[in-house]
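The values are calculated or read from the model by the stated rules, or taken from the named source; none is laboratory data. Remember, predicted model here, so these are calculated numbers, not experimental data. Reconstructed Cβ throughout: ideal geometry from the backbone, glycine too, with neighbour counts over all protein chains shown. Protein only, heavy atoms only, side chains kept; ligands, DNA and RNA dropped before computing areas. Shrake-Rupley method; radii C 1.70, N 1.55, O 1.52, S 1.80 Å.
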Amino acid sequence: MATSAARRLRIVVGVTGGIAAYKAVSVIRAFVLDGHHVDVIATAGALEFVGRPTLEAISRNPVHTELYEGVSEVRHVALGQQADVIVVAPTTANTLAAIAAGLAPDLLGNTILARRCPLVLAPAMHTEMWENPATRANVELLQSRGIIIVGPGSGALTGADIGVGRMSEPEEIVTATYRAVGLNAGASGERGTQDLLGKNVLITGGGTREAIDPVRFIGNRSSGRQAVALAEAARDRGATVTLIAAHLEIDVPTGVRVISVSSTAQLGAALDVEAPANDIIIMAAAIADYRPVAVSDNKLKKNVMGDEPTLALVQNPDLLTALSASSRPDQFIIGFAAETSDDHDTLLSLGREKLARKGCDALVVNGVGWNAGFGTETNDVIVLARGGDILVEVSGEKRAIAERILDITS
Ligand code: CTP
């Protein structure tokens with residue numbers, strides 16, 4: 001299990017009523033062995049699955065269950081106020097909904113409402129419950145508030161069912177918890193560099209879509225993989241990360257606040273709100289340059305459009321150029337350039353011209369094509385500094401490229 005060494009955390013572990021409660025014991029044990037103080041809050045349902053003596057023996061502390069116990073010490077808020085991080089493992093669908101709604105039906109709910117620290121939830125439920133639109137909406141709402149959702153994974157559920165909804169493994173929950181407080185406990189157990197601790201990093205990723213009518217849009221092939229790799233790398237280096245995500249083809253990373261957008265206008269509006277609070281802004285999204293002049297309320301019909309229809313387009317504002325012009329000197333703005341050329345010199349001159357036009361601090365020039373850049377696991381980039389000097393040239397996995405891009409910000 002990962003070691004988190006020097007800092008002794010006060011961790012509240014909430015355990016709710018699901019079969020995965022037995023795995024909470026391993027989560028608690030890992031925290032205790034890593035030297036942290038653990039307060040367990042168990043719901044009545046949790047105690048149906050795992051006994052109080054087990055939780056007390058493993059956490060080495062009394063287990064809290066009752067809202068009306070310890071009233072003189074205001075326990076229903078004190079535990080939340082004092083915690084460095086709260087982890088709820090497992091989180092049932094019911095608890096997830098209660099947290100999303102801000103309900104405080106029991107000691108755990110009160111503690112969560114009274115906290116100022118990060119909250120990590122490890123959901124566990126049947127596939128149908130996880131996929132229910134109400135749960136989907138709750139998860140999205142919680143993530144938009146910066147609450148970290150770990151998993152769930154896929155596998156055997158209670159009874160004969162198999163599918164998505166199985167609580168993540170204890171090691172993954174422990175790692176996500178340490179990340180949430182800026183302790184990087186990677187798989188190796190070593191703390192990696194924390195050079196972005198205290199920094200706010202904003203990343204745009206994916207590809208925007210411009211509606212033509214209710215069923216059609218103008219879009220592009222960006223999968224968001226490079227943006228997600230950047231978000232994960234920045235998170236692991238200690239940053240507080242926000243990802244403005246336009247139609248990602250992969251899962252969003254845990255421990256990252258995600259704002260989902262669709263069109264360029266929505267991405268621009270999110271950027272306007274988020275940019276001022278960030279130290280580093282990375283514009284990895286593929287942003288549609290044009291949108292239809294008018295969006296039809298009804299599906300456009302062939303017999304009305306004719307054989308060679310034309311679609312009138314209007315140019316979208318260039319968000320990166322506007323951002324670079326309005327940014328503060330203490331902010332570092334990185335743009336991306338998608339260019340379809342195999343030739344190094346051509347890429348360089350296209351990149352330098354784009355960098356001068358956009359006015360950002362650095363530009364990642366990315367060769368794209370039918371089989372390169374978009375949707376792939378690897379990438380090939382040249383990073384240019386303001387003025388056009390080459391800072392880095394690197395090929396490889398998108399995560400490795402992300403690390404090299406972040407290196408230029410410190
Ligand atoms: N970008 C932006 N707003 C737009 C278009 C692009 O902010 N309307 C940003 C992208 O997020 C990226 C950079 O500008 O960081 C370059 O995008 P790219 O598509 O390579 O360049 P364009 O400006 O669209 O120029 P061209 O299509 O002529 O290559």
How much length, in nm to one decimal, is gained on full extension between residue 407 and residue 161, taken as 0.36 nm per residue of separation minus their Cα-Cα distance?
84.0 nm
Counting only DSSP beta bridges with both partners in the chain, the antiparallel fraction in percent, to the nearest 5, comes to 35 percent
Given a 1.4 Å probe and every protein chain left where it sits, what share in percent of the accessible area of the chain is carbon and sulfur?
51 percent
Probe 1.4 Å, all protein chains present, accessible-area order of 244, 259, largest first:
259, 244
How much accessible surface area, in Å² rounded to 10, belongs to the heavy atoms of residue 301 with a 1.4 Å probe?
110 Å²
Once the Cβ-Cβ distance between residue 394 and residue 303 is put in as r, and R0 is 51 Å, what FRET efficiency do you end up with, to the nearest 0.05?
0.45
Using a 10 Å cut-off on Cβ atoms, rank the peptides 343-350, 40-47, 325-332, 365-372 from the highest mean neighbour count down.
40-47, 365-372, 343-350, 325-332
Highest GNM mean-square fluctuation among 59, 395, 72, for the chain with Cα springs under 10 Å, belongs to 72
Could you please put 115, 216 in sequence from largest to smallest accessible area, using a 1.4 Å probe?
216, 115
Can you give the calculated 222 nm mean residue ellipticity of the chain, where each DSSP H run of n ≥ 4 adds -39,500 (n - 2.57) and the sum is split over every residue, rounded to the nearest 500 deg cm²/dmol?
-9500 deg cm²/dmol
Mind checking which aspartates and glutamates have their Cα closer than 15 Å to the Cα of residue 299? Skip sequence neighbours fewer than 8 apart in that chain.
210, 213
Label points 7 Å out from Cα along the Cβ direction at residue 377 and residue 356: separation in nm?
4.0 nm
Counting only protein heavy atoms and leaving out ligands, DNA and RNA, the solvent-accessible surface of residue 22 at a 1.4 Å probe, in Å² to the nearest 10, equals 130 Å²
Note to self: with every protein chain in place and a 1.4 Å probe, the chain gives an accessible area per residue in Å² of 46 Å²
What's the local net charge at residue 180, with K and R +1, D and E -1, over the other residues with C-beta under 11 Å away?
+1
Probe 1.4 Å - accessible area at residue 389, Å² to nearest ten
110 Å²
When the chain is treated as a GNM, springs tying every alpha-carbon pair under 10 Å, which of 157, 271, 121 comes out with the largest mean-square fluctuation?
157
Which order do the peptides 133-139, 217-223 come out in when sorted by mean C-beta neighbours inside 10 angstrom, highest first?
217-223, 133-139
Pull up the cross-link candidates among the lysines for residue 199, meaning alpha carbon to alpha carbon under 16 Å and not fewer than 8 places away within one chain.
none
Choose one answer from 305, 129, 167: the residue with the largest mean-square fluctuation in a GNM of the chain with alpha-carbon springs under 10 Å.
305
